[in-house]
Amino acid sequence: MGAACCSIVEVLSPTTKRRDRNQKRGLYTDAGVGEYWLVDPERRVFVVIRRAQADMVVTDEMTWHPAGALEPLAFAVARVFG
C-alpha cells in the first residue's frame, strides 16, 4: 500500500455508529485513508483513527496539520458541540 491519500470525517448517529466504528474503519484504512475522524456528539469527543496506531480520543483541542499546509487547523472541541 502506498502513502495515505486523504482524511475522512464521520459524524456518529445512533443508527449508524456501530457500522461507522467497525465496518467503515476497515474499509477506509484498507483503502489507504490516512486519518479517519469519528465525531461523537453523544460523548462530545473526536476519535482520531490512523492505520497501525492507537486511537486518539480528543476532548479539548483538535489540531490537524495536513501535508503541504503552512499552518495547522486548530479548534476547541467544545465549540463544535456548543
_Out of the residues in the range 3-17 meeting the condition of being farther than 18 Å from residue 62 by Cβ and among the β-branched types (Val, Ile, Thr), tell me which one is surrounded by the most Cβ atoms within 10 Å (Cβ to Cβ)._
16
*Among the residues of the range 49-64, is any in contact (Cβ under 8 Å) with a residue 24 or more places away in the chain, of a type in the set (Gly, Ala, Ser), out of contact with any Pro (no Cβ under 6 Å at 6 or more places or on another chain) and at negative phi?*
no
*Applying the selection to the range 51-74, what residues are among the polar types (S, T, N, Q) and over 19 Å from residue 6 (Cβ atoms)?*
59
_Scan of the range 21-46 for residues that are among the acidic types (Asp, Glu) and touching a Phe, Trp or Tyr at 6+ places or on another chain (Cβ under 9 Å), ordered by number_ = 35, 40
*Scan of the range 18-36 for residues that are of a type outside the set (D, E, K, R), within 16 Å of residue 6 (Cα to Cα) and surrounded by fewer than 19 Cβ atoms within 10 Å (Cβ to Cβ), ordered by number*: 26, 27, 29, 31, 32, 34
*Do we find that residue 76 is at pLDDT 95 or above, surrounded by 11 or more Cβ atoms within 10 Å (Cβ to Cβ) and of a type outside the set (Val, Ile, Thr) in this structure?*
yes
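The values are calculated or read from the model by the stated rules, or taken from the named source; none is laboratory data. Predicted model, so just to flag it, every value in this text is computed and none were measured. When we count neighbours, we look across all protein chains shown, and the Cβ atoms used for this are built from the backbone with ideal geometry, even at glycine.
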